[in-house]
Amino acid sequence: RIKTLLIHRSSITFFIPTSSRRTNVRNNIIINNKSNNRKMEIGMNTSKKDLITQAIESMYPEQSETHRDRKKDFQKTVVFMCDVQECFRPSIDAFDGVVRSSKILIESAKIFNWPVFATEQVPSKLGRTAEEVLQCMREMHPENEEKVIKEKFPIAKSDFGMLRAILMGKDGDLNVQPNSLCGEESLAKMMYDADEIRVLLLGVEAHVCVYQTVKQIMEHNEKAGRNILKPFVLCDGVQSQRGVDREVALEKMKELGATMTTTEMFLFEEMGGAEHENFRDVAKTVRKYK
């Protein structure tokens, strides 16, 4: 049986056998891009990670064909907020620190116009994001209040890592619709418009979902052949139930290539000085949550 998916961006048709929903693609997939008469065949050994990369390249050939030869012309920044759910509060002593970093990042992201991607681990069983974090989302983006209230955001996931949940829809297809708190593009589209995307990562738990998010990012970079996603781990906003788990997780993420920093360190380094146009607003936000 064949499933057909039409994507409006460039009139691409994906012919995907239903068996390809499993870990590896069992049969060939043909991607037909009508806008440039290109066809791409993905063989039986192609992994889902390869499928994501190749599908995006087919969708946006004007970026992908010359991407490796272009000099870096611009950079984007996004926030990944991983599973800041109320259920973790009783067992994580420093959970309030994660909440503080989350609120500072939500407000600062609005100032800098950074999209915020947030996830919840199996919310049907573990519950929703901490209420004060959800409230901060509503206050900063009242235009999206309905999306937050109706539980369409944060993004529900079952994978430990965040990346696949953000890139792929619930039906297993590539997500090309905006799914951040405030952004107007999907992460997939951003990945082929920008030369580099800095990912500001915080949440819980450090040794499970946060670590595996970094691992997914690095695996994707390797498959794509370029370091499009550059993770920055905000250490004051990353916690585990046990200190030893957090300590080892931070070390392993550093070994993978993630940059270790803190919420305030990144923000003030981004501005560089008090003359920056956003300095007053960011400084006010940081003082608000001291």
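The values are calculated or read from the model by the stated rules, or taken from the named source; none is laboratory data. Since the structure is predicted, the reported quantities are computational estimates derived from the model, not experimental observations. All Cβ positions, glycine included, derive from the backbone under ideal geometry; neighbour counts span all protein chains shown. The protein model used for the area step is the full one, side chains on, heavy atoms only, and it has no ligands, DNA or RNA in it. Shrake-Rupley method; radii C 1.70, N 1.55, O 1.52, S 1.80 Å.
Given 0.36 nm per residue, what is the gain on full extension from A156 to E277 after removing their alpha carbon distance, in nm?
Numbers: separation 121, 0.36 × 121 = 43.56 nm, distance 3.55 nm.
Taking 0.36 nm per residue and subtracting the Cα distance, the gain is 40.0 nm.
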Response to the item:
Answer in debye to the nearest 20: the dipole magnitude of the range 81-212 about its Cα centre, from +1 Lys/Arg and -1 Asp/Glu charges placed on Cβ, is 180
Response to the item:
Long-range amide H partners of R198, meaning residues 5 or more apart or on another chain whose placed amide H is closer than 5 Å, are K76, T77, V78, K230
Practice prompt. Would you work out which of G169, S186, N144 lies farthest towards the positive end of the dipole of the range 127-189, given +1 charges on the beta-carbon of Lys and Arg and -1 on that of Asp and Glu, about the Cα centre?
Written response: G169
Discussion item. Sort 103-111, 282-290 by the packing proxy (mean of other Cβ within 10 Å over each peptide's residues), most packed first.
Written reply: 103-111, 282-290
Worksheet item: Among the trypsin sites (Lys or Arg not before Pro) within the range 148-201, which fall in a DSSP loop and have no more than 14 other Cβ atoms within 10 Å of their own Cβ?
Response: K150, K152, K170
Worksheet, complete the sentence: Expressed as a whole-number percentage, the relative contact order of the range 160-203 with C-alpha contacts under 8 angstrom and at least six residues apart is 23
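Residues of the range 170-278: accessible area per residue at 1.4 Å, in Å²?
Result: 43 Å² of accessible area for each residue.
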Practice prompt. Scan around M162 for amide H atoms under 5 Å from its own, H built in the peptide plane at 1.01 Å from N, and keep only partners 5 or more places away or cross-chain.
Written response: T213
Worksheet item: Is there a pair in K76/K252; K189/K230; K76/K223 whose C-alpha atoms are over 19 Å apart, and which pairs would that be?
Response: K76/K252; K76/K223
Discussion item. With the cut-off at 1.5 for a/c, could you classify the range 121-173 from its C-alpha gyration tensor as rounded, prolate or oblate?
Written reply: prolate
Worksheet item: Whose amide H sits under 5 Å from the amide H of N179, counting only residues 5 or more places off or on another chain, with H placed in the peptide plane?
Response: L187
Item to complete: First select every other residue whose beta carbon is under 9 angstrom from the beta carbon of V99; then total the charges, Lys and Arg +1, Asp and Glu -1.
Response: +1
